[in-house]
1. So Leu107 fits all but one of (1) open to solvent by less than 40 Å² (accessible area, probe 1.4 Å); (2) touching a Phe, Trp or Tyr at 6+ places or on another chain (Cβ under 8 Å); (3) free of Cβ contacts under 8 Å to residues at least 60 places away in the same chain; what number is the exception?
2. Of Asn5, Asn41, Asn79, which residue is of a type in the set (S, T, N, Q) and farther than 25 Å from Val172 by Cβ?
3. Residue by residue through the stretch 47-69, note down the ones that are among the aliphatic types (A, V, I, L, M) and within 24 Å of Phe23 (Cβ to Cβ).
4. State all residues of the stretch 80-96 that are among the aliphatic types (A, V, I, L, M), more than 19 Å from Gln221 (Cα to Cα) and at pLDDT below 95; if no residue qualifies, say none.
5. Scan the stretch 72-100 for residues that are among the hydrophobic types (A, V, I, L, M, F, W, C), open to solvent by 60 Å² or more (accessible area, probe 1.4 Å) and free of Cβ contacts under 8 Å to residues at least 40 places away in the same chain and jot them down.
6. Quick check on my filter: what residues within the stretch 1-42 are closer than 24 Å to Arg394 by Cβ and among the aliphatic types (A, V, I, L, M)?
7. Which condition from (1) surrounded by fewer than 19 Cβ atoms within 10 Å (Cβ to Cβ); (2) at pLDDT below 90; (3) out of contact with any Asp or Glu (no Cβ under 6 Å at 6 or more places or on another chain) is the one that Ile69 breaks?
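The values are calculated or read from the model by the stated rules, or taken from the named source; none is laboratory data. Bear in mind that the values here come from a model prediction, so they are computed numbers and not experimental data. For neighbour counting, all protein chains shown are included, and Cβ atoms are generated from backbone atoms with ideal geometry for every residue, glycine included. Ligands, DNA and RNA are stripped out before the accessible areas are found, and what is left, the full protein with its side chains, is counted by its heavy atoms. Shrake-Rupley method; radii C 1.70, N 1.55, O 1.52, S 1.80 Å.
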Amino acid sequence: MWSKNNIERFAFILAPFLLILSFYYSFISFFAFVPLLISLNSQKSAKVFLDVFLIISISFLPFFLFLYIGLLKGIYVYNHVPFFLAFSMYFGVCIYQLAYTIVPFYLIKKFNISFLLLPVFYIAFEYLRSIVLYGDPIGNVSMFVYNMPFFIKDATWFGSYFVGLKLLFVNVAIYYLYKNKIKYAFIILGSIACLFFVVNFPTKNGSMKKSIALIQGNISQSQKWDNAMLINNLNVYVNATKKTNADLVVWPESAYPFLFKPQDFDNLLGYYKTPIIFGAQTQRGNNYYNSAVFFNNRKYDYYDKHKLVPFAEFIPLRKYLSFIPTVTKFGSFTHGKRFTLFDVDGLKTAAIICYEEDFENIARTFKNLGARLLVVITNDAWFGNTPTFHLFYRDDFYRAVENNIYVARCANTGFSMIVSPQGKMITNLKPYTFGILKTDIVFDDKKITIFDKFGHFFGLFDLIFTGILLSIAIIKKKKAA
């Protein structure tokens, strides 16, 4: 029979199952981290790094392998990279995220810092991961509660990192309940509960009504770039558009499957009167871009993707990594430089492309330039029917709340939807189906949120605060030695 102490030492074995379940059932995330805290507290050996490394690796590595399995499918099945290299890239992403997860737990344990400060440390390293190298803001803990408008509404103050901080504090509070530290638990939970009453969404004052139509072509990735199917794939969108009556029509990323030339598009829809935003590969000079093209009465404007996906849309250190192929048949894309707003008969509209939906500052920049509608165009067919397919769109709920803006997401195979500024999904199309999602939206007058002004600094503030706390803990440990 195991003693209570032994059970506590190995409680972390529950963690990967709880994390995976949290991905589908948000309420489980409010206690999914508790077994880790119980196990870490019970570890008394001098080998702190080894203890933390084993506990966090066994807890999180299976979860990350589950979460990013769609990357392996996209790289190996659709991009035809040899399996060993594809698996190495997929596994490398998981290990990279694991490293940022291990460090905050290790620092807390190494310097005997209270678990009360673990959320502060954890979120600091999430933010650090989002700015180091080319940035990796995917898979943050806030993803678990994206579908809880009552819990994420204070993202309008301090963004998604603050929501993740709250979620981790709830876990700490439940841990304190387990340890019979009732006072600490109720202080934490009471403070979080107060935010439900203090934070309110900006008031509505609708002044403009527009109809938006999203076309979800549902073209499988195996056919998307098949040369024999390209014109058929394009006609899916052209024919659907001709049947659509709306103020704005949106096609997904790379819906136009050829290198874009205005004269060719004019032959297809040159006399169509409704503005269209669609994804295409464009060329200017010797550079190729992943672009959102705005068509309006035979005139064109472009937004070129700023945040390209490393090793997919461009190869870092290309000189030394020439053996790695890119996903695009045009080779590496060039980073965009302009933040272009499209004018849909008075409605300032911003288009962001795929991976950019996960970067809070891109949406915020567009909002501060005057955008009242944020259009996301993407192609998640790369991931097939895997957990990864259900990962990226979760951040769109935060972009809507942070900036008090409607978000219209148009994806090739889904998930296509409209999200309100309150973080509620107004309507959507079922994934893996063809459909036209048409919605009438009354747009609120432009309201600047606290996040727009100051809240985007929260992650940086948390990182600096963590550095100060760590410095104090190191000094205390040296004095005690």
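1. Result: Leu107 passes all but (3).
2. Numbers: Asn5 fails: farther than 25 Å from Val172 by Cβ; Asn41 fails: farther than 25 Å from Val172 by Cβ.
Just a single option satisfies the conditions, and that option is Asn79.
3. Initially, the stretch 47-69 is screened for residues among the aliphatic types (A, V, I, L, M), giving 48, 50, 52, 54-56, 58, 61, 65, 67, 69.
Val52, Leu54, Ile55, Ile56, Ile58, Leu61, Leu65, Leu67, Ile69, listed by residue number.
4. Filtering the stretch 80-96 for residues among the aliphatic types (A, V, I, L, M) gives 81, 85-86, 89, 93, 95.
Narrowing the set further to residues that are more than 19 Å from Gln221 (Cα to Cα) leaves 85, 89, 93, 95.
The answer is Leu85, Met89, Val93.
5. Step one: list which residues in the stretch 72-100 are among the hydrophobic types (A, V, I, L, M, F, W, C), which gives 72, 75, 77, 81, 83-87, 89, 91, 93-95, 98-99.
From what is left, the residues that are open to solvent by 60 Å² or more (accessible area, probe 1.4 Å) are 77, 83-84, 87, 91, 95.
Phe83, Phe84, Phe87, Phe91, Ile95, listed by residue number.
6. Leu14, Ala15, Leu18, Leu19, Ile20, Leu21, Ile28, Ala32, Val34, Leu36
7. Just one mismatch for Ile69, condition (2).
Conditions (1) farther than 12 Å from Arg409 by Cβ; (2) open to solvent by 10 Å² or more (accessible area, probe 1.4 Å), marked per residue:
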site	(1), (2)
Cys354	no, yes
Leu369	yes, yes
Ile377	no, no
Asn385	yes, yes
Thr388	yes, no
